[in-house]
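Encoded as structure tokens, the structure appears first; notes follow it.
The values are calculated or read from the model by the stated rules, or taken from the named source; none is laboratory data. If you're wondering where the values come from, they're calculated on a predicted model, not measured in any experiment. When we count neighbours, we look across all protein chains shown, and the Cβ atoms used for this are built from the backbone with ideal geometry, even at glycine. Side chains included, ligands, DNA and RNA excluded: accessible areas come from the protein's heavy atoms. Shrake-Rupley method; radii C 1.70, N 1.55, O 1.52, S 1.80 Å.
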Amino acid sequence: MGAMRPLLDGTRLARAALIGDVVAILVFLLFGVSSHHEDAVSRFFTLAAIFVAAWVGTAWAIGTYRPVSNGRLAANLAIAIPIGVLLRVAVVGSLTAGEIFTFAVVALLFAAIFVGLARLVVIVLFRVMRWEETT
């Protein structure tokens, strides 16, 4: 059995993109939890664990950050967010099939907005600051 593939390609850009994407997912969840007036603290931490695990697991599996790729970012969104929704339903509570579909579509749309903005910030910072893309 060979060595396990790394999550990142070792560049600063990959590290910054991963951090930005995870922060964007957390902000997306924070907005979602606060807009539904749920038990914010415990619900946020439960959802954060679920969605970040789905995000990082998917990113590792498809190589989103080896090297950083917009195409794999889109694939990561399309795979990880629905997985997070399904895990959320399994852990937090049941919804009807229609509610699950609606939740998945809304979550995917808003996660894409937040992650897209975070990725834009990372790219602009790298261009403006002229950071090297090496370790």
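The residue of the stretch 94-120 that is least open to solvent (accessible area, probe 1.4 Å), among those that are among the β-branched types (Val, Ile, Thr) and closer than 15 Å to ILE25 by Cβ, is VAL115.
What number goes with the only condition from (1) closer than 17 Å to ILE19 by Cβ; (2) surrounded by fewer than 16 Cβ atoms within 10 Å (Cβ to Cβ) that ARG72 does not pass? Exception for ARG72: condition (2).
When ALA17, ALA3 are checked against the criterion of being among the aliphatic types (A, V, I, L, M) and in a helix (DSSP H, G or I), a single residue qualifies: ALA17.
Looking at the stretch 54-94, which of its residues are hydroxyl-bearing (Ser, Thr, Tyr) and touching a helix residue (DSSP H, G or I) at 6+ places or on another chain (Cβ under 7 Å)?
Result: THR58, THR64, TYR65.
Which is of a type in the set (Val, Ile, Thr), on the phi < 0 side of the Ramachandran plot, out of contact with any Pro (no Cβ under 7 Å at 6 or more places or on another chain) and open to solvent by less than 30 Å² (accessible area, probe 1.4 Å), of ILE79, ILE25, ILE83?
Values: ILE79 fails: open to solvent by less than 30 Å² (accessible area, probe 1.4 Å); ILE83 fails: open to solvent by less than 30 Å² (accessible area, probe 1.4 Å).
It is ILE25.
Of the numbered criteria (1) of a type in the set (A, V, I, L, M, F, W, C); (2) more than 21 Å from ALA90 (Cβ to Cβ); (3) touching a Leu at 6+ places or on another chain (Cβ under 7 Å), the one VAL27 fails is (3). Being outside any helix (DSSP H, G or I) and open to solvent by less than 70 Å² (accessible area, probe 1.4 Å) is a description that applies to GLY10.
For the stretch 28-42, name all the residues that are in contact (Cβ under 8 Å) with a residue 40 or more places away in the chain and surrounded by fewer than 17 Cβ atoms within 10 Å (Cβ to Cβ). If you could, list the steps in order and put the result at the bottom.
From the stretch 28-42, those in contact (Cβ under 8 Å) with a residue 40 or more places away in the chain are 28, 31-32; that's our starting set.
If the condition is that a residue be in contact (Cβ under 8 Å) with a residue 40 or more places away in the chain and surrounded by fewer than 17 Cβ atoms within 10 Å (Cβ to Cβ), then PHE31 is the only one that fits.
Of the residues screened, ARG66 is one that is on the phi < 0 side of the Ramachandran plot, in contact with a strand residue (DSSP E or B) (Cβ under 7 Å, 6 or more places away or on another chain), surrounded by 13 or more Cβ atoms within 10 Å (Cβ to Cβ) and not hydrophobic (A, V, I, L, M, F, W, C).
Condition check: touching a residue at least 12 places away in the same chain (Cβ under 8 Å), over 12 Å from the mean Cα position of the chain (by Cα) and surrounded by fewer than 17 Cβ atoms within 10 Å (Cβ to Cβ). Does VAL91 satisfy that? Taking the combined requirement at face value, the residue satisfies it.
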